[in-house]
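Below is one structure, written out as structure tokens; the observations come after it.
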Amino acid sequence: MLPDLNAIAIYYGQLILAGEALDGLDMPIIGFFGEDDSSIAVEDVNNFKLILTNLGKTADINLYPGVGHAFANPSGQNYTAAAAEDAWARTIAFFARYLQNT
């Protein structure tokens, strides 16, 4: 069970694909995933996005082509500056939008 959160950002984390588990999420969600991530299938990312959409959740799920797992970690082997910078800018804008009055 999650604590009372006002917004969530997911960076290439393992996904829950059970609608009944996701239905209780009442906060906006933004997520970032790499198309070449060997630990998180593109199909799972697409299903996650579809489930959230079908549940009427506020969600912005981003899939970056040509990048792998941990693409935003500058000390890792998969660091991809363009994707990392875009994801960070989107994260900051997302939090500014949804956390400004909290």
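What to note about this one:
- No other residue among 89, 70, 83, 96 is on the phi < 0 side of the Ramachandran plot, surrounded by 12 or more Cβ atoms within 10 Å (Cβ to Cβ), at pLDDT 95 or above and out of contact with any Cys (no Cβ under 9 Å at 6 or more places or on another chain) apart from 83.
- Taking the criterion of being over 26 Å from residue 68 (Cα atoms) and either among the hydrophobic types (A, V, I, L, M, F, W, C) or modelled with pLDDT of 95 or more (or both), the residues of region 13-29 that qualify are 21, 25, 27.
- Output for region 48-97, where each listed residue is among the β-branched types (Val, Ile, Thr) and over 15 Å from residue 9 (Cα atoms): 51, 53, 67, 80
The values are calculated or read from the model by the stated rules, or taken from the named source; none is laboratory data. In this text the structure is predicted, and so the values were computed from the model without any measurement. Heads up, the Cβs are rebuilt from the backbone with ideal geometry, glycines too, and the neighbour counts pull from every protein chain shown.
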